[in-house]
Structures are given as structure tokens and as C-alpha cells.
Amino acid sequence: MLKRYLPHPLLSLVLLVVWVLLVNEISAGTVVFGAILAIVIPLITSNFWPARPKIGNAFAICEYGLIVLWDILVANVIVAGLILFRKTESLESKCVVVPLDLTSPEAITTLAGTITMTPGTVTIDLSADAKSLLVHCLHAPDPQGVVDDIKTRYEGRLKEIFE
Amino acid sequence: MPFIAELVISVLIVIGGIFLLIGSYGMIKLRELLPRLHAPTKSTTVGVGAILIASMLFFWIERGHFTIHELLITLFLFLTAPITANLIAKAYLLRNVDPAKDLPPSGQGEGWATFDPVGPDGYDPSEEYNPEKD
């Protein structure tokens, strides 16, 4: 019964909170309309995600978020430096392959998004069996180092959160 | 408004402006599409972030009402930027790149999804899209 009408309780909660924050006031009307959205949207989109992803404890998620935020800050300064002070020809742009240990689609999506937002790397593609990511580096004199960095810094933590 | 608040807000706006400028300059300076993708996905996040924080502080201190809209904008930006970058990169791969010559092998049983969409269980997403069928 609950599973049928609330296929993703966490998604419903997030939608309700985001709606209240968007309207920026807490009143009965806002909460009721938010609740309607929170029930209807998961129902009509539930075909796209039949499985309910397992999400780990809040502490691990906060730690991951802070690490990613810090890396984004550092990434911005590094990439800004590369753009301003390096000749375009001297940049060693290349594609590297990151083999994945993660299996859940949500975890892989999060990892791909994180890679795109952090130091000089953009996720381009996924292999058809979802076992490796193709990552483009703006400046990578040491491709293996980039792969190791991604695996230890992000993938291990995501594995704890999602699996 | 106290002087220190003015100072913090103006510094944040200037930092944001500088990063946005560098991001736009990177779009011109880098000559190929894939390196070019790095400029807008990186430098703009801190640029936009700094300006949004400045806006939040300004309305909080000067007008006295606390809004959280800026944090939501940041959240939506973080959700959409990687997806846009990924779609642009995939379109570029499909049109301009030869997977046998220009890309490293995936090291697994299957190729890259853009060129070899058939998964290990034989599922081919392109079969679902067939405009001539009906």
C-alpha cells in the first residue's frame, strides 16, 4: 500500500522541502501543494526508476559533499591558472579510462557528475556494460595518478554511501 | 550596513566576476571542443557561487529577510552542469571521433556506450526509437 502510493519516500520528502524553499514561506497552502507535488511526481516518474536506491548514513553524505565542495574550489583556481598562464599547445589534454567498482546506477551517476565538477576532468562516456568511465583531462602529465585519485577520493566513499 | 559586511559582499562579487571572466576567456582561448568544455564547467561554478552568496548576504543584512533561493540555484546548477557537459561531449564523440583510433579501449567486454549501445544482456536502447515503425 505505502509502496504503491509512495514509491520513493525520500524523493517525496526532497520535493516537499524544495517546494517550500522555492516559495520561501511556510504556510498551510504551501505545504499542502508541496505534498501534492511530492506524491504526484514520484508516481508519474516511477517507471524510470523501478528500484529504490539504498542511501547510506547522513554523516558519510555530508563528508562527501564537503570534500567535493572543497575540490571544486581548488579545481576552479587550478583551471583558471591553466587557462590564464599556459600556452594552449603545452596543455597535455587526453582521455583516460577509469575502471569502476561501483555497480548501482545512482552511484555511477553521482561519480560521473562529481568528476565533471572537479579538477580539470570531464566525464565523456560510459562503457556499454557500465564497468568503466571515459574521462577527459584538461592537463594530465600523469594519467594513472588521475585515475588513482578518482578511485581513492570519490569512489571509495560513494561505495560506502550507496552499496 | 556595517563596513565589514560591505567589504565581504563586494569582495565576493569581484571574485565571482573574475572567475566568470576567466571561464569565458577560456572558451575563446582553448581551440578544441573537449578542452573547451572544461572552462565553462569549472570556473563558472565558483563565479556563480560567489555572486549568489553575495546576494544572499546582501538581502539578509541590508533588507533583513533571509532567502534560501540562492542555495537552490546553486543546487540546480550542480545537478544540470555535468549533464549538459556530458551531452555535448557525447554529441561531439558521435560526430567527430573514430572510436577505434582516437579513444582508449574501455578495457572491458563492451565498447563505449555512444558507439556500442548494446549492453551485455543484449538490450539495445536504439531499438525503442524507430520513427519509421508507425
*Treating the beta-carbon of each Lys and Arg as +1 and of each Asp and Glu as -1, no other charges, what is the dipole magnitude of the protein assembly as shown about its Cα centre, to the nearest 20 debye?*
560 debye
*When N is the residue count of the protein assembly as shown, what does its C-alpha Rg come to as a fraction of 2.2 N^0.38 Å?*
1.12
*How about the stretch A:48-130: which GluC sites (Glu not before Pro) there lie in a loop by DSSP and see at most 13 other Cβ atoms within 10 Å?*
A:E92
*Hey, what number do you get for the protein assembly as shown at 222 nm if only DSSP H runs of n ≥ 4 count, each worth -39500 (n - 2.57), divided across all residues, to the nearest 500?*
-20500 deg cm²/dmol
*When only DSSP loop residues count, what chymotrypsin sites (Phe, Trp or Tyr not before Pro) in the stretch A:18-89 have their Cβ near at most 13 other Cβ atoms within 10 Å?*
A:F48
*How far is helix A:9-23 tilted off the main Cα axis of chain A, in degrees rounded to 10, range 0 to 90?*
90 degrees
*What order, most packed first, do the peptides B:93-103, A:94-104 have when packing is the mean number of other Cβ atoms within 10 Å of each residue?*
A:94-104, B:93-103
*So if R0 is 45 Å, what FRET efficiency would A:Q144 and B:H69 give, r being the distance between their Cβ atoms, rounded to the nearest 0.05?*
0.55
*Would you mind estimating how fast chain A diffuses translationally, via Stokes-Einstein at 4 °C and 1.567 mPa s with the Kirkwood radius over Cα pairs, in µm²/s?*
71 µm²/s
*How large is the dipole of chain A about the Cα centre if only Lys and Arg carry +1 and Asp and Glu carry -1, each at its Cβ, rounded to the nearest 20 debye?*
420 debye
*In Å, descending, principal axis extents of the Cα set of the stretch A:2-45*: 30, 15, 14
*Mind checking which lysines have their Cα closer than 25 Å to the Cα of A:K131? Skip sequence neighbours fewer than 8 apart in that chain.*
A:K54, A:K94, A:K151, A:K159, B:K90, B:K101
_Averaged over A:134-140, number of beta-carbon atoms from partner chains that fall within 10 Å_ = 4
*Distance between the stretch A:94-159 and the stretch B:1-68 - C-alpha centres, whole angstrom*: 27 Å
_Size descriptor, Kirkwood hydrodynamic radius, that averages inverse alpha-carbon separations across the stretch B:3-118, Å_ = 16.9 Å
*Could you point to the residue in B:F59, B:P99, B:G47 farthest towards the positive end of the protein assembly as shown's charge dipole, with +1 and -1 charges on the Cβ of Lys/Arg and Asp/Glu respectively?*
B:F59
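The numbers here are math on the coordinates, done by the rules we state, and not lab data. This one's a predicted model, so the numbers in the text were calculated from it and none came from an experiment. For neighbour counting, all protein chains shown are included, and Cβ atoms are generated from backbone atoms with ideal geometry for every residue, glycine included.
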